[in-house]
1. Could you give the nm distance between label points at Ala296 and Ser269, where each point is 7 Å from its Cα heading toward the beta carbon?
2. Can you tell me what percent of all Cα-Cα pairs in segment 153-300 are more than 22 Å apart?
3. For segment 305-352, report the % of Cα-Cα distances exceeding 11 Å.
4. Say each of Phe411 and Ile241 gets a label point 7 Å from the Cα, pointing the same way as Cα to Cβ; how far apart are those two points in nm?
5. Averaged per residue, what accessible surface does the chain expose to a 1.4 Å probe, in Å²?
6. Using a 1.4 angstrom probe on the protein heavy atoms only, line up Arg14, Arg237 by accessible area, largest first.
7. How far apart, in nanometres, would the label points at Ile507 and Leu459 be if each is projected 7 angstrom from Cα along the Cα-to-Cβ direction?
8. Taking the Cα of Trp489, stepping 7 Å toward and past its beta carbon, and measuring to each backbone N in segment 496-523: which are under 20 Å?
Amino acid sequence: MQQEQFYYDNKIVRNFAYASIIFGLIGMTVGLLIALQLVFPNLNFGIPYTTFGRVRPLHTNAVIFAFVGNGLFAGIYYSLQRLCKARMYSDVLSKINFWGWQIIILAAAITLPLGYTSGKEYAELEWPIDIAIALIWVVFGWNMFATILKRRERHLYVAIWFYIATFITVAVLHIVNSFEIPVSLFKSYSWYAGVQDALVQWWYGHNAVAFFLTTPYLGLMYYFLPKAANRPVYSYRLSIIHFWALIFLYIWAGPHHLLYTSLPDWAQSLGVVFSVMLIAPSWGGMINGLLTLRGAWDKVREDVVLKFFVVAITAYGMSTFEGPMLSLKNVNAIAHFTDWIIAHVHIGALGWNGFLTFGMLYWLFPRIYGKELFSKKLANFHFWIGTLGILFYAIPLYWAGITQSLMWKEFTAEGYLKYPNFLETVTQIIPMYALRSLGGLLYLIGVIVMTYNLVKTALSGKLIANELAEAPALTKVYGVAKNEHWHRWIERRPVQFMVFSLVVILIGGAAEIIPTFLIKNNIPTIASVKPYTPLELQGRDIYIREGCNTCHSQMIRPFRSETERYGEYSKAGEFVYDHPFLWGSKRTGPDLQREGGKYPDAWHYNHMLEPSSMSPGSIMPVYAWLLDDNLDTSSTAAKIRAMQTVGVPYPLGYDLIANKDLMHQADSIKNTLAQSGIKTASDKEIVALIAYLQRLGRDIKLETKLN
């Protein structure tokens, strides 16, 4: 058969690889900063742009979408060409994908510290950037599918299955979760409210982990691990079960982030059941990866690339066992809102995503530069210091999480909370936060060493920008050959494969989301719950801008320890006007659902000016600029109109008089502060924030509990 010559594009692989390294360094440095801020609050620097609440989403977005995102693009662009025996369909589309993604990352790096955020975890970027993400993702998918269609290999290898599922599912998740109503160029409100917004967000949030941090990396594992070990994948049939079971089951599991909340019980139960079922396909993938190394363990001891891969796959297995365990209600009751969850997340991020990326980069650079790795000793040093970094990071946080939970729940013999002051549970774990920071530092040192090693490797060689290859043209074969596995039929049909994958992932999402929206009884209303006043709405937006919801939850779970500490447990009907919901996922500070009326206005004023003056030993940042900055009331009318569009029942024409009501309420707070000896103008941001905090939990009459 006549061979066709063509060239692989290694330049695009090089570009994404360097971007991954650069943004990995940046994202992990920011992560180290926020870890240290919990030990040394002065590292918030007393300015708006570097506070924990604003920088934390910068860290998560930089690591997930910049470091891991560029890493998965590098791996996909390299492996897809070789699996299809074809150059990428379009160099132009490749370049648009690369530069568009970097511009999106730059936009995130600018807007998040400036406080432009939607407030939705892992989806904080505002609506213009969301649109850009969708467009660049379509460019990536177009380039990928066009390459698959012009392939010279008949069957789609297992790695490509995961790439296809990644593309189609991330597109669906991003579009559905990003439905929002713009208010201005960098401000929008989620189209969904309260319980519905929480369900959609964690359907997205959990499956962003599944289909951005897991499925594409499983595809990379299926390609790079056999290549590095020079052995075939252990089991083709196990690969089939792993893939289809994983993408079907994963999409149902999002509600396990919302156990013991106001989400309907049936949705919570579905999340638990499917999360537990996920152990089987997840461990099937881990076993398939590790058993690929059967008979090659001597090579593992010598090859640093395989060392990284083995730890990565092991971390994947640990995370995918721990996740379902955390989905059990009795375990979730202990772990949720604690640092246990942070430890769990970072086993996956540092171990699975980080180490697989590092192993892939160490494998790629010698091949695209035609030169041996500069230093195997430095690579081994990176492996060991990175592994120590993971241990020093995670173990103290597991300890901290269990400590937090036990202290939150402990009662005295007389039946009172042993630690009624939430701050006691924070100061107790600061040494563990310090150890976590040490782990982050060790891990970052490893990445710096890797960067030096790879740059030296690149400088000693020359990029093989266009790598010559040859393969025979593809001839069409219809049907299934005799004695051929049935799955081969769909492996030859990428369009049908994509459509079938789409149907499989839509089933779970539709089964959970549609009833929550269409069946009114799922979200019972409370007659006394009213929309926020214009001043409270502005204050809520300031609260979101400053990232207060990254440390404070607004969801009191139905446990005696929580109702004793905070007040009556939260009801679904209390959140019907919350766009977005703010239930939180971590408590570094107390829950604020019943904050309204607990303290006088002057307490809140002084607490934002100097937190430790009201709560000695507090690690909360100073928010002094709120006392000086003027409230932008020019946006009030647009915000009211946007809220009316998403169904909040403000009277017709209220946008025209909203600022009058706003100033009337602001004057009242100003006068209350004056009675406490605090002089401030009515138009300061602190006044709006106080209005919002004093509103929380006031719509229903409840007995107030003290922190």
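The values are calculated or read from the model by the stated rules, or taken from the named source; none is laboratory data. Since the structure is predicted, the reported quantities are computational estimates derived from the model, not experimental observations. Here the Cβ positions follow ideal geometry from the backbone for every residue, glycine too, while neighbour counts run over all protein chains shown. We work out accessible area using only protein heavy atoms, side chains counted, and drop any ligands, DNA or RNA first. Shrake-Rupley method; radii C 1.70, N 1.55, O 1.52, S 1.80 Å.
1. In this crude label model, Ala296 to Ser269 measures out at 4.6 nm.
2. 50
3. 66
4. Reported label-point gap for Phe411 and Ile241 is 4.7 nm.
5. 39
6. So, going from the largest accessible area down, we get Arg237, Arg14.
7. Modelled inter-label distance: 5.5 nm.
8. In segment 496-523, the label zone of Trp489 (backbone N under 20 Å from the point 7 Å along Cα→Cβ) covers 496-505.
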